[in-house]
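Asks: Here it is, the structure in full.
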Amino acid sequence: MSLGMDVQMKSMLDRTIAPPIKDAIEFDLALPPYRRHVLSNGVEVFAIDQGTVEATMISWIFNAGNSWEEKKGVAAAVNSLLKNGTSTRSAFDINEHFEYYGAYLNRASHHETADVSLHCLNKHVGELLPVIAELITDSVFREEELEIYKKNSQQRLQVSLKKSEFVAGRLIEEYLYGSEHPYGRYMQQDDYQQLQREDLVAHFQRYYREGTCRILVAGKLPGDIISQLEASFGGLGIHAPAKGSVLPAPAIIPAAGKKYNITNDPNGVQGSIRIARNFPNRHHPDFQRVQVLNNVFGGFFGSRLMTNIREDKGYTYGIYSYLVNNIQESALVISTEAGKEVCAPAIAEVYKEMELLREELIDEEELQMARNFAIGTILGDLDGPFQVASRWKNILLNGLDEKYFNEGVRIIKTIGPEELRELARKYLDPEAFFELVVV
């Protein structure tokens, strides 16, 4: 465009007139696709080639979470100690290597899966992939590293157990799923002392060296990224999930009682409130519909719970409800912290908002705000290759595809007040909820 044309267009703008406002739900959303590749050993690579920055994120996702462990705490310990030494490198050497190349290596252990994730500049990928291959095939779990892990974990637990919100988070999951279920199991101080090196080595051998793995890679990808992954990982003992294989699904045995009051700190001034019920996973037809209902109920800062219990009553700084991100079974949870003297009134207001949603229709303006929030959240999740990869990871690990994403967008845009009221009558029955207060 010439300078003259630019000046002419600016002179035509009437800056006294505000530009039109467009609701988020008017946007057409599409989940950018991945390219699927298969390494020589059958491991699938899901590649999302986007962005303008010469950086890459790679995640190795193993079926190695606590659903697979034979002794409590082994899965988390193995995942944490993957970076703490191989037969040829010490923990210091490994950390120095990644820091030298300005890379970030993270590990995370979940209920079903465990991840190793790398963020780095494209030009350093070739120096880093062989070391990660070494970590997932040759980690040795030295006794001294395990002892440090035990002591650190025990110290962290000792501090955390003084916090009512930590205790409440553990207990509500036990009530929902049962103390023997992977979702409801949690570590005690003595459990760390029971961890033995041979337990870690056995879990590592079965679920990492010879385990089920998927690789997710995203960014402005190097042209040779697949050949580099093949060179470092295509010949390893890792493999793709067996056809028709399913993740373990232990029996869920919820607690018999529904209401619990726990004294954790007699001198504390605040209580942690958790109100929760069991809920189906993403394959249930109501899951995405209830996500819209939840936005109205307590899913964002403009929700009913926040407006009533924070803004109007002043009982808390914040209160939210959410659907838990589990694969086998979800849960609908209301979570907040409040002064001890107002915990009971806050809980009463939660049930009052449930009743209103069961009895009255949501007005169109409120529903439109909840829709815009939901679409806006998705727009944020699609802003950049790493965010897109996170969306795809959630979809793939739950055995779903892009149809699930598209259906979710359709539901947000079209679900009506009558259908939401029916969902509230079905799922917001106080009798179905566990109620916990930890003070």
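Asks: Which of the residues belonging to the range 147-166 are surrounded by fewer than 21 Cβ atoms within 10 Å (Cβ to Cβ) and closer than 29 Å to Cys343 by Cα?
Replies: Within the range 147-166, Arg156, Leu157, Gln158, Val159, Ser160, Leu161, Lys162, Lys163, Glu165, Phe166 qualify.
Asks: So the check is Cβ under 7 Å with 6+ separation or different chains; which pairs have a first residue in the range 152-179 that's free of Cβ contacts under 8 Å to residues at least 60 places away in the same chain and a second one that's assigned to a helix (DSSP H, G or I) and of a type in the set (Gly, Ala, Ser)?
Replies: Phe166/Ser160
Asks: Give Val116, Val140 a once-over and let me know the one that is in contact with a strand residue (DSSP E or B) (Cβ under 6 Å, 6 or more places away or on another chain) and buried (at least 21 other Cβ atoms within 10 Å of the Cβ).
Replies: Val116
Asks: Among the residues of the range 87-108, are any touching a Ser or Thr at 6+ places or on another chain (Cβ under 7 Å), modelled with pLDDT of 95 or more and among the hydroxyl-bearing types (Ser, Thr, Tyr)?
Replies: no
Asks: Wholly within the range 25-113, which strands (runs of 3 or more DSSP E) include no fewer than the required count, namely at least 1 residues that are open to solvent by 30 Å² or more (accessible area, probe 1.4 Å), within 28 Å of Val388 (Cα to Cα) and among the basic types (Lys, Arg)?
Replies: 35-38, 104-109
Asks: Scan the range 284-313 for residues that are free of Cβ contacts under 8 Å to residues at least 40 places away in the same chain, within 21 Å of Arg425 (Cα to Cα) and open to solvent by 20 Å² or more (accessible area, probe 1.4 Å) and jot them down.
Replies: If the condition is that a residue be free of Cβ contacts under 8 Å to residues at least 40 places away in the same chain, within 21 Å of Arg425 (Cα to Cα) and open to solvent by 20 Å² or more (accessible area, probe 1.4 Å), then His284, Pro285 are the ones that fit.
The values are calculated or read from the model by the stated rules, or taken from the named source; none is laboratory data. In this text the structure is predicted, and so the values were computed from the model without any measurement. We place every Cβ from the backbone using ideal geometry, glycine too, and count neighbours over all the protein chains shown. Ligands, DNA and RNA are stripped out before the accessible areas are found, and what is left, the full protein with its side chains, is counted by its heavy atoms. Shrake-Rupley method; radii C 1.70, N 1.55, O 1.52, S 1.80 Å.
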